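The values are calculated or read from the model by the stated rules, or taken from the named source; none is laboratory data. Please read all numbers here as calculations on a predicted model, not as lab measurements. Positions of Cβ are backbone-derived with ideal geometry, glycine not excepted, and every protein chain shown enters the neighbour counts. Side chains are part of the model used for accessible areas, which takes the heavy atoms of the whole protein and leaves out ligands, DNA and RNA. Shrake-Rupley method; radii C 1.70, N 1.55, O 1.52, S 1.80 Å.
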Amino acid sequence: MSRIWRLIFVRLWSRIPKWLRFAATAFLALLAIGACWLYYFLYWAPLPESLTNLKPLTTVYLDSKGRLIAEIAGPEARSHRPVSLAEMGPWLPSVIVQMEDRRFYSHRGIDAWGTARALLERRGGGSTITQQLVKIATGRKGRDLLAKAREALLALQLERRWSKQQILEAYLNRIPFGNRLIGAEAASQAYFNKPAALLTKSEAIYLAGLPREPSRLNPWSHPGAAEKRFDGSRQLLAARGFLGAQEAAEMLPPAVEKHLPGNAAPHFIQLASRAAFSASGGGVVRCTLDLDIQRRAEQLIRDNLGILHRPDITQAAMVVIENESGAVRALAGSRDFKQSQVNGAMLFRNSGSTLKPFLYVTGIDSRVFTAATLLPDTAEAARDAYMDYDPHNFVLSHLGPVRVREALGNSLNVPAVVAVSRIGARNAFNAIGDWGVRFDRPLEKAGAGFILGNVGVRLLDLTGAFSALARGGLAGPPQFIEGQTMPLKRVVSADADSIVVDILCDNSARLQSFGPHSSLAFPVRIAAKTGTSAGFHDAWTVGFTREHTVGVWVGNFDGRPMDHIASAAAAAPLWRRMIEDLLQSDHPVPEPELPRVPVCALTGLRPCAASKQIVGELFLPGTEPRTDARDWFADDGHLLLPKEYAGWCDSGDNTLGATVRPEKEDLAILNPRDGAVFKVDASIPMAQQQMEFQANIPDGVTWSMNGVPLAPGPGGHVLWQLREGDWTLEADNGVVRTRSRFSVRRE
């Protein structure tokens, strides 16, 4: 039978003119090609990127707990917050489907009945939600037939690839609701001040009517038109059975608000936006800020300025950093951002005494001195170090011989300048910069006075540097974005760091300057340092618990001085209130692991029979004092001081009853002499080429080479095997330290 049909087909085909046969063949070929292309397009061709990549049109900043800090508008939207379909609540998706595309869940992207009805009735509509999504995503304008045909094909393609839930979610996240509000979540927040998940049925119906004509139905500028549209939507939904007749009759238009995204931490966002900048221009940024701590910081600033109630103090700033991660948990740059957009946390202001901890930790770590080393606090000491520099202490009196612990704890100026001279001004200046502190001027313009605060620093940098102290000497930049890795750099050894942190926690070390009941005194270990700039222009307090570092600045943005109020009264109370809040969950600073070595409180040496007070001190291994204090006391027990204290001993500041020690021959190194050059003899075994170090006063002398202590050999002699290089030998008898520089070369 099939053969007969083939014969009939061949005879009929042969009678058809050749041109017609060619045309039919071409048509069938094109039809086959078109069918193949359509199959490929629907099942294999990639979807347009504009559909698959929902690009956020604004930047949303969330705090560390996921709460909204701010939303920064973009060129295409004032607010756009894409959320999942589950986060849009039960009503809005259902209402949208009922009003826009009743057969959404049954068609395959094109609603033939709806399209036909729209054509017959010659009115708009007929496009499915899928087609509308394609139109929005591809940005088509006007009514071009080819573009509409392409949209129809894309709708078919999209339906083959995505679930109905994916399509509806993408649609609700892209449609405009007026006032440059894109997506359901943005509209819900702006008009009803609530997330879309909490929308009531009437609110969902109200919103669902806006996308048809968002400008004409603007709820803020045309509320009447929007309510009329709501009535029409209500009646339509009742006719379609979505609403009961009584429910529809009793439903009233919801109250519409105007609640645009605010900015809960504008100064922080200014800095975070730089850290989060990317070419995408939008998205959700998870920040390190904790809104609870931020709000508390802002409130404490207002409260503290209100308590001070002084016209000469108008502004304050506070930074809170989490020590372990370097995360900035709060940054309040002024009393009120609306009144002043100046960010006090980023202003360069004279640092006062806040840099001294970094000076002393540098000296201790490099073994230039220890926490027990005596430094002179006398009227002449700074001039002896720097001839043209004559600073004074804040209280205009001098304590004479003070241990480094007391010098730092009481924030004494003269010993700090002496410490700079021993470390070297350039070395000290650069070392402080290694902690992340930036200066507003170079050392050449600041001179040795930088350590007393004649350089400008920023509160954010300073707080970050103190948080590095809390981390054991690991410095890293403050972090604004969650998940970013903080690059860490070890600045000093953990042991040296722990010694200075212990001083900052020591209430007894600051008694003479601050008394027993200052804002810095806690019953537990809390590190703290204050600073007041010359002329009372700036007041600072910075310190930390185990978990957080808090930095505070108080003053005036225009540089006006405060009327003789120091940081202990202006800044420290504000700092303390934040520390007390944090201590509800934070812990005190841990005790150091280094052992405490007993020393004489007046001399810093090993105690002797005349030592009236003995204290425990921390030392780097090998830097403990080797001699006792007996030579510092007369037979009657009064203190004997070197001749450099002669002026102080004769002054009214001498409350110790000290006198100058009778002059003895100055300590001097006899061998090797300063500047000597020794040559290694290649013909003699190196083990036999040794040098004995000799001093004119050999008793009680300790030796060190390039800062490393040397142990004495048999009989107390110190023998050193020659090694090529440049060497600095130091001799110290507890009263005088001297050095000799020499070189060893090969022949």
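Observations on the structure shown:
- Members of segment 560-569 found to be open to solvent by 20 Å² or more (accessible area, probe 1.4 Å) and closer than 29 Å to residue 468 by Cβ, listed by number: 566, 568, 569
- For segment 456-463, the condition holds for at least one residue, the condition being that it is part of a loop (DSSP other than H, G, I, E, B), farther than 17 Å from residue 365 by Cα and open to solvent by 10 Å² or more (accessible area, probe 1.4 Å).
- Helices (runs of 4 or more DSSP H) fully within segment 1-119 counting 1 or more residues that are under 29 Å from residue 199 (Cβ atoms) and either at pLDDT below 75 or under 54 Å from the mean Cα position of the chain (by Cα) (or both): 49-52, 91-100
- Among the residues of segment 419-449, those identified as in a loop (DSSP other than H, G, I, E, B) and either more than 30 Å from residue 738 (Cβ to Cβ) or open to solvent by 40 Å² or more (accessible area, probe 1.4 Å) (or both) are 434, 435, 436, 437, 438, 439, 440, 441, 442.
- Scanning segment 335-362 for residues that are open to solvent by 10 Å² or more (accessible area, probe 1.4 Å) and part of a loop (DSSP other than H, G, I, E, B) gives 335, 336, 337, 338, 339, 340, 341, 342, 343, 347, 348, 353.
- None of 397, 467 is open to solvent by 20 Å² or more (accessible area, probe 1.4 Å) and either assigned to a helix (DSSP H, G or I) or over 30 Å from residue 273 (Cα atoms) (or both) except 397.
- Set side by side, the residues 603, 549 differ, and just one is β-branched (Val, Ile, Thr), in a strand (DSSP E or B) and crowded, with 17+ Cβ neighbours inside 10 Å, which is 549.
- Residue in segment 161-170 that is touching a His at 6+ places or on another chain (Cβ under 8 Å), surrounded by fewer than 18 Cβ atoms within 10 Å (Cβ to Cβ) and either among the polar types (S, T, N, Q) or in a helix (DSSP H, G or I) (or both) present: no
- Residue in segment 346-359 that is farther than 30 Å from residue 615 by Cβ, under 15 Å from the mean Cα position of the chain (by Cα) and touching a residue at least 12 places away in the same chain (Cβ under 8 Å) present: yes
- Residue count for segment 629-665, restricted to those that are open to solvent by less than 40 Å² (accessible area, probe 1.4 Å) and assigned to a strand (DSSP E or B): 4.
- Meets criteria (at negative phi, modelled with pLDDT under 90 and either touching a helix residue (DSSP H, G or I) at 6+ places or on another chain (Cβ under 9 Å) or open to solvent by 40 Å² or more (accessible area, probe 1.4 Å) (or both)) for residue 250: yes
- Residue check, residue 185 of a type in the set (D, E, K, R) and modelled with pLDDT of 90 or more: yes
- Among the conditions (1) assigned to a strand (DSSP E or B); (2) open to solvent by less than 70 Å² (accessible area, probe 1.4 Å), residue 261 misses just one, which is (1).
- The one condition in (1) among the hydrophobic types (A, V, I, L, M, F, W, C); (2) in a strand (DSSP E or B); (3) buried (at least 18 other Cβ atoms within 10 Å of the Cβ); (4) at pLDDT below 90 that residue 284 fails to fulfil: (3)
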